[in-house]
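Undergrad: I'd like to ask you about the structure that follows.
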Number of protein chains: 2
Amino acid sequence: MSDDRSAAVLAVDLGGTAMKGAIVTEFGRTVAELTRPTPASDVVAALIALFHDLHARATELDCRVIGAGVATPGIVDEERGVVLYASNLDWRDVPLLDALREALDVPVALGHDVRAAGLAERLIGAARGTDDFVLVPIGTGVAAALVTAGDIVTGATGAAGEFGHIPMVPGGELCTCGQRGCLEVYVSGAGLARRYATAGGDPLSSREIVGRLGADPVADRVWSEAVDVLAQGLNTLTLLLDPDVIVLGGGFSRAGDALLVPLTARMSEGLAWRERPRVVRSELGGDAGRIGAAILAFRAAGRGDVVAEWSAVGVA
Amino acid sequence: MSDDRSAAVLAVDLGGTAMKGAIVTEFGRTVAELTRPTPASDVVAALIALFHDLHARATELDCRVIGAGVATPGIVDEERGVVLYASNLDWRDVPLLDALREALDVPVALGHDVRAAGLAERLIGAARGTDDFVLVPIGTGVAAALVTAGDIVTGATGAAGEFGHIPMVPGGELCTCGQRGCLEVYVSGAGLARRYATAGGDPLSSREIVGRLGADPVADRVWSEAVDVLAQGLNTLTLLLDPDVIVLGGGFSRAGDALLVPLTARMSEGLAWRERPRVVRSELGGDAGRIGAAILAFRAAGRGDVVAEWSAVGVA
């Protein structure tokens, strides 16, 4: 007897503050979402509970669950399924894939959050149709998914893409990571807020600071410095990797033209003998990691073909 | 009747000052070398003449020529076989592969010089056994071959790996490329000599300047600045690409411990939360480009298998 319920996967984007879960059908539709705060301890147990509740909800919705996927931050060995290090989860060497496989009765996939988001942007988002691009989500911190010739760069130890921690100002401000002058000291939600307060501004969020541009000289100054450092960092990526397009995501990218106009102008000023790649905003935004986890889950379930179809029709 | 002469390829590393040619047998042995100065004009004709002379010499040596390969500088579209731009050859959009195919009666391969050198170091040089490494030749200028998961990064337009032109000092000294503060302004044979002379030193070559280290405060200072900038640049590569090993080549690397000891110390100081990759000197040195061209030629001739054997036995 065949099962004519539609096949679906359970996908979770695990972050330092929230676990964003969803049920995604084989047709690329998100039929339910379930987001919970990430607890201070026992994250693995909370994640498993979230998957179980998603599974129950999928059954109610008459979906046949064929796989599960999780996108996790940190340094991730995707082959072994181990999170080697994740500062905002206080994890070291957590064999997450094995833990999930034991708890769930469907095939499970584990991916790095930013690389999973890059995969999603490539298949159904702002990087459709290119094999060479960079996704740079700028939120509290900064990371990057680097895609060359269609492959996501993971590196020798799974630690590639640490764009937020490349040294931009030798001997500069101390970063939370322990290094000095990292890009994200200047270009991140947390960095912008801290630098604005240090420069004499009120304690505001980065979104509020962006709202004051043009009317508040301190806001203008720290923003301009952030744009300078980001332009220099993106030019470094451009000269090293020669991407076709740079996709900006995260809270910073919501500044829109206040970011894109000065940023692209300064990138062009810095490049003398080569074209600047296109710079665009993410299409999937905060959903990219979760959609990437769903894509990985369909692959783990042996159904990579359905994702190829989403790609063809541009389902998001 | 079978032809029992040994099969060989003709390989040329085309540079701004010299065209270094060789005949390389299927057993990985270089049986003859022929180097000529690169002419100021008609480079393609001179290159073809060199290939013809190499062919004649191969016949004298009783080698059966089955292919030819050239490694060329600049921005190279390897798929179409076109050199899009090469400043030191004054080339723009030169369809080199077609020109060579028309002139030579064997299969021809064209590759980017530094990427070809990276291929050679990976198969039979200092990067044997790793899929994630960076080759950084530092001569008159600086470039890089970036290898991730076994593939050389070429980028969307063939312009990847321009490590010498990443911005290291915002608003810094003007580079010959037209940009300001590029890495190779500080870290290159030409840059070191110019900075030494500007700082009041005699007009010396970079090799002579290195020879004065410890006895000449001006030499010590410009060298120290170069090492600082290089450490910062290699840490940027490390954080982005997570290589297993960084291979240094070119004239600069001949400084040996005077380079490697302070360089690795400063790289380690700059990295807080991850290990520094190994940093080693190139094993193939100035021959790497030519050996890479030979490897590409054997592949073009459908004999990639012989190169796999060199790799297994470590022939150089």
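Undergrad: Mind checking B:125-137 for the average number of partner chain beta-carbons within 10 Å of each residue's beta-carbon?
TA: Per residue, the average neighbour count from other chains is 1.
Undergrad: Continuing with this model, one more query. Simple spin-label model, 7 Å along Cα-to-Cβ: A:His52 to B:Asp98 in nm?
TA: About 6.7 nm separates the two model spin labels.
Undergrad: Ok, one more. Could you give, in nm with one decimal, how far B:Ala272 is from each other copy of that position, shortest first, with labels 7 Å out from Cα toward Cβ?
TA: 3.4
Undergrad: Over the stretch A:202-316, with the other protein chains present, what is the accessible area per residue in square angstrom, probe 1.4 angstrom?
TA: 41
Undergrad: Now a separate question. Round to a whole number: what % of the accessible area of the stretch A:1-113 belongs to carbon and sulfur, probe 1.4 Å?
TA: 47
Undergrad: Does a label point 7 Å from the Cα of B:Asp105, set along Cα-to-beta-carbon, have any residues of the stretch B:47-90 with amide nitrogen under 16 Å, and which are they?
TA: So the set is B:51-60, B:63-68.
Undergrad: Using a probe of 1.4 angstrom, how much of the accessible area of the stretch B:172-234 is carbon and sulfur, in percent?
TA: The computed percentage sits at 53.
Undergrad: Now for a separate question. Using amide H atoms built in the peptide plane, which far-off residues or other-chain residues are under 5 Å from A:Arg64 H to H?
TA: For A:Arg64, the qualifying residues are A:Ser6, A:Ala7, A:Ala8.
Undergrad: Can you tell me how the stretch B:186-316 classifies by the Cα gyration tensor, rounded, prolate or oblate, using a/c under 1.5 as the rounded cut?
TA: oblate
Undergrad: Now a separate question. Sequence-distant or interchain residues sharing an amide H contact under 5 Å with B:Leu248, placed H: which?
TA: For B:Leu248, the qualifying residues are B:Val136, B:Val280, B:Arg281, B:Ser282.
Undergrad: Counting only GluC sites (Glu not before Pro) that are in a DSSP loop and have at most 15 other C-beta atoms within 10 Å, tell me the longest site-free stretch of chain A.
TA: Answer from the scan: A:174-274.
Undergrad: Residues of the stretch A:1-152: accessible area per residue at 1.4 Å, in Å²?
TA: Per-residue accessible area for the stretch A:1-152 comes out at 42 Å².
Undergrad: Per DSSP H run of at least 4 residues, take -39500 (n - 2.57); add these up for chain B, divide by its residues and hand me the 222 nm value, nearest 500 deg cm²/dmol.
TA: My calculation for chain B gives -12000 deg cm²/dmol from helical runs alone.
Undergrad: Still on this structure, I have one more. Under 1.5 on a/c is rounded, so check that first for the protein assembly as shown, then, if it is not, pick prolate when a/b is larger than b/c and oblate when it is not; a ≥ b ≥ c are the square roots of the alpha carbon gyration tensor eigenvalues.
TA: In terms of gyration-tensor shape, oblate.
Undergrad: About the Cα centre, and with charges only on the beta carbon of Lys, Arg (+1) and Asp, Glu (-1), how big is the dipole of chain B? Nearest 20 debye, please.
TA: Charge dipole, chain B, about its Cα centre: 480 debye, nearest 20.
Undergrad: Right, another one. Counting only protein chains, not ligands or nucleic acids, how are B:Leu50, A:Leu34 ordered by accessible area (probe 1.4 Å), most first?
TA: A:Leu34, B:Leu50
Undergrad: Nm distances between the label at B:Arg29 and the same-position labels in the remaining copies, 7 Å along Cα→Cβ, shortest first?
TA: 7.1
Undergrad: If I ignore ligands, DNA and RNA and count only protein heavy atoms, how much of B:His165 is accessible to a 1.4 Å probe, in Å² to the nearest 10?
TA: 20
Undergrad: To continue, here is another question. Place the label 7 angstrom along Cα→C-beta at B:Ala49 and in each other copy, then list the distances from the first to the rest in nm, shortest first.
TA: B:Ala49 label point versus its equivalents elsewhere: 8.1 nm.
Undergrad: Would you please classify the overall shape of chain B from the alpha carbon gyration tensor, given that a ≥ b ≥ c denote the square roots of the eigenvalues, rounded means a/c under 1.5, and beyond that prolate means a/b larger than b/c while oblate covers the rest?
TA: Prolate.
Undergrad: Whole-Hz ³J(HN,Hα) for each residue in the stretch A:242-257, computed from phi via Karplus 6.51 cos²θ - 1.76 cosθ + 1.60 with θ = phi - 60°, x for glycine and proline: what do you get?
TA: 6, x, 7, 8, 10, 9, 9, x, x, x, 4, 5, 5, 5, x, 4
Undergrad: Same structure, new question: Need one number: buried accessible surface between chains B and A, 1.4 Å probe, both sides summed, DNA, RNA and ligands left out, in Å² to 100.
TA: For chain B against chain A, roughly 3000 Å² becomes buried.
Undergrad: Across the residues of A:176-187, average count of Cβ atoms on other protein chains within 10 Å?
TA: Going residue by residue through A:176-187 and averaging, the value is 2.
Undergrad: Of B:Thr25, B:Val94, B:Gly251, which is farthest on the positive side of the dipole of chain B, counting Cα position, with +1 on Lys and Arg Cβ, -1 on Asp and Glu Cβ, and the Cα centre as origin?
TA: Towards the positive end, the residue furthest out is B:Gly251.
Undergrad: How big is the dipole moment of the stretch A:131-222 about its Cα centre under a simple scheme where the beta carbon of each Lys and Arg is +1, that of each Asp and Glu is -1, and everything else is neutral? Debye, nearest 20, please.
TA: The calculated dipole for the stretch A:131-222 is roughly 360 debye.
The values are calculated or read from the model by the stated rules, or taken from the named source; none is laboratory data. From a predicted model like this one, the values you see are computed outputs, not experimental measurements. Every residue, glycine among them, receives a Cβ derived from its backbone with ideal geometry; neighbour counts consider all protein chains shown. Please note that ligands, DNA and RNA were not included when accessible areas were found on the heavy atoms of the full protein model with its side chains. Shrake-Rupley method; radii C 1.70, N 1.55, O 1.52, S 1.80 Å.
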